[in-house]
């Protein structure tokens with residue numbers, strides 16, 4: 001299990017480092033090329049790791065990973081992700097941990113290529129790696145809960161950003177749970193896309209240095225509604241899953 005996970009991650013970071021060292025200098029010479037450079041490195045690293053995992057048969061990586069299995073949980077899953085995004089945004093501001101990448105991401109998403117990479121392509125590729133490869137391999141030797149925690153922890157650490165550590169772990173738990181329930185990457189990918197789209201929207205509208213109370217005039221109410229939305233959505237997902245299982 002760990003051999004497959006670690007080798008996949010080694011390929012991912014290996015490609016990332018090599019490309020960063022070889023073409024990263026172009027950003028210093030041509031600052032406007034940042035979105036294309038960073039986006040290309042991100043996509044190439046992810047695709048390389050996915051192809052490596054597929055070649056070595058670490059997971060079944062094909063279109064069957066994206067099915068409509070239990071698609072009925074999609075709406076509450078998206079609501080849960082949106083609510084979690086609000087809660088984690090507040091937590092990030094309260095903790096005030098050093099953010100290594102927000103300024104870079106903010107500049108990237110303002111370009112068409114960067115937006116597509118961060119909001120659409122990146123989330124799907126990350127789901128294939130972290131849920132499709134890592135979580136599925138962890139699941140082969142552990143319970144579903146343990147596999148979700150393992151993939152979420154790796155997902156958080158791999159973002160290499162202190163400010164994102166706890167939020168990304170929390171998001172990973174939701175994404176991993178969706179994958180565990182459905183056995184498909186369709187729902188988790190759409191959740192991931194929504195999360196990144198919300199972040200991009202914050203940046204577009206308020207700037208990357210916006211404060212939580214500049215977005216929500218009534219902070220306690222926003223937190224209460226978001227927490228209630230997450231709790232209600234989780235309850236709905238559990239009910240939908242159990243009710244269908246009982247019928248079957």
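Values in this text are rule-based calculations from the coordinates and carry no lab data. All of these numbers come straight from a predicted model, not from anything done at the bench. Glycine also receives a Cβ, built like all others from the backbone with ideal geometry; neighbour counts cover every protein chain displayed.
For residue 204, project a label point 7 Å along Cα to C-beta. Then give me every residue of the stretch 121-158 with its amide nitrogen under 19 Å of that point. Once the point is set 7 Å along Cα→Cβ of residue 204, 121-124 turn out to lie under 19 Å by backbone N, inside the stretch 121-158. Given the C-alpha centroids of the stretch 186-220 and the stretch 97-140, what is the distance between them in whole angstrom? Computed from Cα coordinates, the inter-centre distance equals 15 Å. Directionally averaged projected area (the stretch 72-247, Cα convex hull): 10.1 nm². Pairwise Cα distances in the stretch 171-222 exceed 12 Å in 69 percent of cases.
Were the residues from residue 91 through residue 2 laid out at 0.36 nm apart, the gain over their Cα-Cα distance would be 28.9 nm.
Descending by average beta-carbon neighbour count within 10 Å, the peptides 234-241, 63-70 line up as 234-241, 63-70, the highest first. A simple packing score, the average count of other Cβ atoms within 10 Å per residue, orders the peptides 34-41, 78-85, 218-225 as 78-85, 34-41, 218-225, with the highest score first. Result for the chain in a Gaussian network model with C-alpha springs under 10 Å: among 139, 57, 131, the largest mean-square fluctuation is at 57. Short-range pairs are left out: with C-alpha atoms under 8 Å and at least six residues apart, the relative contact order of the stretch 72-247 is 40 percent. For the pair residue 242 and residue 30, label points projected 7 Å from Cα toward Cβ lie 5.8 nm apart. Using the Stokes-Einstein relation with a Kirkwood hydrodynamic radius computed over Cα pairs, the translational diffusion coefficient of the stretch 34-146 at 20 °C and a viscosity of 1.002 mPa s comes to 129 µm²/s.
Taken over the C-alpha atoms, the stretch 39-83 has Rg and Dmax values of 14.9, 38 angstrom. Rounded to the nearest 0.05, the FRET efficiency derived from the C-beta distance between residue 141 and residue 103 at R0 = 45 Å is 0.70. The protection proxy used here, the mean number of other Cβ atoms lying within 10 Å of each residue, ranks peptides 10-21, 119-130 as follows, highest first: 119-130, 10-21.
Pair-distance distribution P(r) for the stretch 145-248, from all Cα-Cα distances in 10 Å bins starting at 0: 13, 35, 36, 14, 2, 0 percent. A crude spin-label estimate for the pair residue 212 and residue 44, with each label 7 Å from Cα along the Cβ direction, gives 3.9 nm.
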